[in-house]
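Heads up, the thing below is written out as structure tokens.
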Amino acid sequence: MAQKKVTKNTRKTPRSSGGLFYFNVTMRVIQSLILFVLCIGIFAASLGLGIGVGYFAFLVEDTKLPSKSTLQQELGNISQTSTLTYANNDIIATVNSDLQRTTVKSDQISDLLKKAIVATEDENFYEHNGFVPKAVLRALVSEVTGIGSSGGSTLTQQLVKQQMLTNETTFKRKANEIILSRQVDDVFSKDEIVTMYLNVSPFGRNNKGQNIAGVQEAAEGIFGVQPNELNLAQAAFIAGLPQSPISYSPYNADGSIKEDVSLGLKRKDFVLFSMYRTKAITKQEYEDEKNYDLAKDFLPQAQANQNEQSYLYYAVLDQAKEVLAQELATQAKVSKQDYQKESVKNSYEELAEQKMASGGYTVKSTIDPAIYQAMQEAVAANGYLLDDDTGVETQVGNILMDNKTGKILGFVGGRDFSTNQFDHAFVSKRQAASAIKPALVYGPAIDQGLIGSESRISNYETNWGGEGDDSGDAVVNATQINMNTFQTVRDAISWSNNIPAYQTYQAVLANAKDDRFVYDQYLSKMDYPDLDQWSYKSAPLGVMDITVLEQTAGFQTLANGGAYQKGHMIDTITDSTGKVVYKYDEKPVQVYSKATASIMNDLMRSVLDSKITTPYKSVLGSVNGTLASADWIGKTGTTNDYKDSWLIVSTPSITLSSWTGHDDSTPSDSGAGKRQANYMAYLANAIYQANPDVVGVSEKFTLDNSVKKEKVATFTGEKLVNNVTINNYKVSVPRDTTTSYWAKDGVKDSTFKFGIGGTDADYLNYWRTIAPRIPSN
């Protein structure tokens, strides 16, 4: 029987079928991945949206939605005049606004202008509710990534930002802008919003060179017509200005027409195109107005009315802006650290300036009108006493401050505001000279217990030491009298010698082991500027530049028992509703101990009584004997070549400071100090005649009960001992004694090296004045 052959099936799957299988698998994997990514994306978006909503709520949680009346006042009331007053509420002046602005009603504004501004700034204005979410998101992404445009503000947002917020670029400000814009859209009609926007927006300059805002000033100041009389080209030109008012303005700062006005005209054409694109005008109107010769409509240059003010006006206004800016930042919960950032501080100062210009504020100053007027009359009548033979007018800056409160009662900004508007009391910075020594050198040394009033300090020749090209240069006194000895602290201050001050300052820094010790421990608490020079070896000579106000701080502090009261001119600021938005809050800081302050006052009394560096007391006695009987203390200071002269005097009630010199820093002569003393005597008398009580003639400086009165050897300034051994040779210490005042620790027994500074050779030389036979070793 034949066997059947079994054949193996060798048919293969077609190649195309295998490829399709892998393709299908791949596609299913990709689909799964896409679904997975979409799920992750949806989850992330939901999470991001939730976080975003939560963060937005956090940013605006402390934002109170204002009422319609409040919004009306903030957004639309722009014409209220602010006023500056004296301490007795008499008016100093109304605040000039270099910004010219007049409010008009909706029916006084051309419809063409309204259409132009909407087409250019916010074409969806009539559809949104104050903001556009997509635009906000786009701006947010741009802010975070730095990619794309960060624009997106609606016309309503621009209005809110301009009138109610600052220019900070922070998420918190943007969030507040959005929520306030929605509130504005809810309570005002679209026409009301457009009208307010056109009434407050900046429009560059007019033909007088004045800054202008609002369509009334723009129409009148550029084209000489009313805002409801503008033709289409004129309306388009004005609508284009807010984006860059000064660049697009046809006028220079003096009111003359720019040589090239093409930027503004190109911007006008852009506005016309925007109107055509949004069907606000026809194509024919677009073409006709684009070709219209608008430059012929620009008004020719005209003269603005000049309103000259005074040192007082600008000083009070500047300080008012400063404190209002800080107050606005505080209200916005800006931290002190953030406020120190230049961009943040500038934004609030700009906002304060805007509010002061047109917010209807009343600023009450601390200035006494009778005293201020008397000081102006005194400088006008006696300023000539300051002039030298150089032919250059000698300028002057004075401040009168109440010691107990820090109130500035009056000041002199210069000889004549009409010829020199530079404020020499609050703005000018000049070298502090030796007038800084009480606050910088001797006050801290006494406070640290390093010296007493009769301690002795080396006045022997020395050099700066340390490193640098000038390390070998000699430290030079103003005069070389009383050299090569150990001076008492009292004599060193009265003579204003530099070498003892240098030695004392080095001792203070060495004791503290910190070059910034004096500034951080003392000067910073009195608002002296933070400068590198405080740690220089030459600091005791007053090489740092400071204002008269800053120089006054140390003297007010010492005269006030060591307690610093910030010098200030602003008492209160009240808004247009009568609400007090700022009130000066006294925050005295105890800088020096009461003992230190009273000892320093005793030493500075010797400065004036000795008449070594100033004849102030003598001249004052010839002018007004009663006034001269007051308990005056003070200090002088002079820089190289007599470029700067200082005299600051105090009674227990007031401090009167003075700087004199040439604005161009040309040298004067050795008579500068005497001339200043003559002038100051007449100035003090004028103040006394205006208000006798302010000087406090009957009040006296006294030593605080905590002062340690130590009996010391006059020769050493330390405790009297029978003898001192020097190189195995016994020297009897002279028996003359005196009382030395100490604030801390107290005096030690006399030894070979009894004083501050000086080398062994210097001490040996000093001891040999009483014992010539002392061996060299």
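Filtering segment 739-767 to residues that are more than 16 Å from Val712 (Cβ to Cβ), part of a loop (DSSP other than H, G, I, E, B) and hydroxyl-bearing (Ser, Thr, Tyr) leaves only Thr759. Of all residues in segment 329-358, those being over 21 Å from Tyr86 (Cα atoms), touching an Asp or Glu at 6+ places or on another chain (Cβ under 9 Å), assigned to a helix (DSSP H, G or I) and touching a residue at least 24 places away in the same chain (Cβ under 8 Å) number 5.
Taking segment 391-431, which residues are over 18 Å from Val694 (Cβ atoms), touching a residue at least 24 places away in the same chain (Cβ under 8 Å), assigned to a loop (DSSP other than H, G, I, E, B) and among the β-branched types (Val, Ile, Thr)? Listed by number, the residues that qualify are Val392, Thr394, Val427. The set of residues in segment 710-736 that are among the β-branched types (Val, Ile, Thr), exposed (fewer than 15 other Cβ atoms within 10 Å of the Cβ) and assigned to a strand (DSSP E or B) contains only Thr725. Give the residues of segment 576-599 that are in contact with a strand residue (DSSP E or B) (Cβ under 8 Å, 6 or more places away or on another chain), among the aromatic types (Phe, Trp, Tyr) and closer than 16 Å to Tyr564 by Cβ, sorted by residue number. Within segment 576-599, just Tyr584 meets the criteria. The single condition among (1) of a type in the set (Phe, Trp, Tyr); (2) touching a residue at least 60 places away in the same chain (Cβ under 8 Å); (3) part of a loop (DSSP other than H, G, I, E, B) that Tyr682 does not satisfy is (3). Just so you know, in segment 663-679 the residues that are within 25 Å of the chain's Cα centre (by Cα) and in contact (Cβ under 8 Å) with a residue 24 or more places away in the chain include one that is surrounded by the most Cβ atoms within 10 Å (Cβ to Cβ), and it is Asp663. Among the residues of segment 503-532, not one is among the hydrophobic types (A, V, I, L, M, F, W, C), farther than 20 Å from Val548 by Cβ and assigned to a loop (DSSP other than H, G, I, E, B).
When restricted to residues that are of a type in the set (S, T, N, Q) and touching a Gly at 6+ places or on another chain (Cβ under 8 Å), segment 557-585 contains 2. Of all residues in segment 575-590, those that are farther than 18 Å from Ile408 by Cβ have Cβ atoms under 6 Å from Cβ atoms of residues that are of a type outside the set (Ser, Thr, Tyr) and part of a strand (DSSP E or B), 6 or more apart or on another chain, in Asp575/Val581; Ser576/Gln80; Val581/Ile573; Gln590/Ala563. Go through the residues of segment 259-272 one by one and say whether even a single one is among the charged types (D, E, K, R), assigned to a helix (DSSP H, G or I) and over 44 Å from the mean Cα position of the chain (by Cα). No, segment 259-272 contains no residue that is among the charged types (D, E, K, R), assigned to a helix (DSSP H, G or I) and over 44 Å from the mean Cα position of the chain (by Cα).
Of all residue pairs spaced 6 or more apart or on separate chains, none has beta-carbon atoms under 9 Å together with a first member in segment 483-496 that is farther than 16 Å from Tyr741 by Cα and modelled with pLDDT under 95 and a second member that is among the aliphatic types (A, V, I, L, M) and part of a loop (DSSP other than H, G, I, E, B).
Yes or no, residue by residue, for (1) of a type in the set (A, V, I, L, M); (2) surrounded by fewer than 23 Cβ atoms within 10 Å (Cβ to Cβ); (3) touching a Leu at 6+ places or on another chain (Cβ under 8 Å):
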| position | (1), (2), (3) |
| --- | --- |
| Ala357 | yes, yes, yes |
| Ala370 | yes, yes, no |
| Leu385 | yes, yes, no |
| Asp388 | no, yes, no |
| Leu400 | yes, no, yes |
| Leu409 | yes, no, yes |
| Gly413 | no, no, yes |
| Ala425 | yes, no, yes |
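Name the residue, out of Glu322, Glu287, that is closer than 30 Å to Val580 by Cβ, surrounded by fewer than 19 Cβ atoms within 10 Å (Cβ to Cβ) and not polar (S, T, N, Q). Just one listed residue meets the conditions, Glu322. Filtering segment 331-352 to residues that are crowded, with 18+ Cβ neighbours inside 10 Å and acidic (Asp, Glu) leaves only Glu349. Take the residues in segment 516-556 that are buried (at least 16 other Cβ atoms within 10 Å of the Cβ) and of a type in the set (D, E, K, R); name whichever of them is farthest from Gly397 (Cα to Cα). In this case the residue turns out to be Lys537. Of all the criteria given as (1) surrounded by fewer than 19 Cβ atoms within 10 Å (Cβ to Cβ); (2) at pLDDT below 90, the one not satisfied by Asp191 is (2). Give the residue that is modelled with the highest pLDDT, with candidates limited to residues of segment 557-577 that are surrounded by fewer than 21 Cβ atoms within 10 Å (Cβ to Cβ) and either of a type in the set (Gly, Ala, Ser) or within 22 Å of Val508 (Cα to Cα) (or both). Among those that are surrounded by fewer than 21 Cβ atoms within 10 Å (Cβ to Cβ) and either of a type in the set (Gly, Ala, Ser) or within 22 Å of Val508 (Cα to Cα) (or both), it is Ala563.
The values are calculated or read from the model by the stated rules, or taken from the named source; none is laboratory data. Fair warning: this is a prediction, and the values are worked out from it, not measured in the lab. Positions of Cβ are backbone-derived with ideal geometry, glycine not excepted, and every protein chain shown enters the neighbour counts.
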